[in-house]
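Novice: Below are the structure tokens for one structure; questions will follow.
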Amino acid sequence: MIHRSGSLPSRTLLVSALLVGSLFGPFADVARAEDGGRITLFGQYYSLIVGAAVFQPRQATTRSIYGERAFTPSVALWSFDTPRGLGISWDLGGRRMQNQGRRAQCAQAGVGPRWLFADGHADVAPYLTLRADACAVQIEHGDWRLRPGADLELGASVLRHFVISGRYDAIPKVGGFDLSGFSARAAVKIF
């Protein structure tokens, strides 16, 4: 279908583009204004990112006992200056699931390879990481138990100020409960 110049679809497209550009254009300039992180660790510059994550257990039985989902704060160090290619990723985190007085908690630390598919200076820099984890798990008020685990995360940094990701955590059963599951995270650069 061909539209002549000035037709309704062309005007609508032009107005939409101008509206989106006027809303997000100035924000994108601010996002690029301060690219380097302010925290130095092992010779690498990091930024502090803060956000939220939602976790959903994989198994229906676990969801019925400990709740359908758990919301957790997300605080992390993030490098927006990482070059494209293979690198290392580390992770510290935890979550608590509770429902009607029943509780399951998990704290984990992991490390593994990370593939960055675009240079960290790109407007959108997708990544994939696979980490081996050490998980400390407490069911109800019992003892903390240490279990091996793994996580697979797919995400992207956007405009060097935002990080979004989806993740699957695999944890062996503890006390008959499967605490493996899916999560989604959104975080914003603070400094």
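The values are calculated or read from the model by the stated rules, or taken from the named source; none is laboratory data. It should be emphasised that the depicted structure is a prediction, and the values quoted were computed from it without experimental measurement. Cβ placement follows ideal geometry from the backbone for every residue including glycine, while neighbour counts extend to all protein chains displayed.
Novice: Condition check: hydrophobic (A, V, I, L, M, F, W, C), at pLDDT 95 or above and out of contact with any Cys (no Cβ under 7 Å at 6 or more places or on another chain). Does Ala122 satisfy that?
Specialist: no
Novice: Could you tell me which numbered condition Ile49 fails, if it satisfies all but one of (1) assigned to a strand (DSSP E or B); (2) out of contact with any Leu (no Cβ under 8 Å at 6 or more places or on another chain); (3) modelled with pLDDT of 90 or more?
Specialist: All conditions are met except number (2).
Novice: For region 98-116, name all the residues that are farther than 17 Å from Arg167 by Cα and free of Cβ contacts under 8 Å to residues at least 60 places away in the same chain.
Specialist: Once the filter is applied, which keeps residues that are farther than 17 Å from Arg167 by Cα and free of Cβ contacts under 8 Å to residues at least 60 places away in the same chain, region 98-116 yields Gln98, Asn99, Gln100, Gly101, Arg102, Arg103, Gln105.
Novice: Suppose we filter Ile164, Ile171 for residues that are in contact (Cβ under 8 Å) with a residue 24 or more places away in the chain and among the β-branched types (Val, Ile, Thr); which single one remains?
Specialist: Ile171 is the lone residue from the list that is in contact (Cβ under 8 Å) with a residue 24 or more places away in the chain and among the β-branched types (Val, Ile, Thr).
Novice: Given the structure, is Arg114 in contact with a Gly (Cβ under 7 Å, 6 or more places away or on another chain), buried (at least 16 other Cβ atoms within 10 Å of the Cβ) and under 22 Å from Gly36 (Cβ atoms)?
Specialist: Here the answer is yes, as Arg114 does meet what is asked.
Novice: Still on this structure, I have one more. Could you check region 148-191 and list, in sequence order, the residues that are in contact with an Asp or Glu (Cβ under 9 Å, 6 or more places away or on another chain), within 22 Å of Asp119 (Cα to Cα) and of a type in the set (Val, Ile, Thr)?
Specialist: Val158
Novice: In addition: Is it true that some residue in region 169-187 is over 19 Å from Ile49 (Cβ atoms), at pLDDT 95 or above and basic (Lys, Arg)?
Specialist: So far as region 169-187 goes, no, none of its residues is over 19 Å from Ile49 (Cβ atoms), at pLDDT 95 or above and basic (Lys, Arg).
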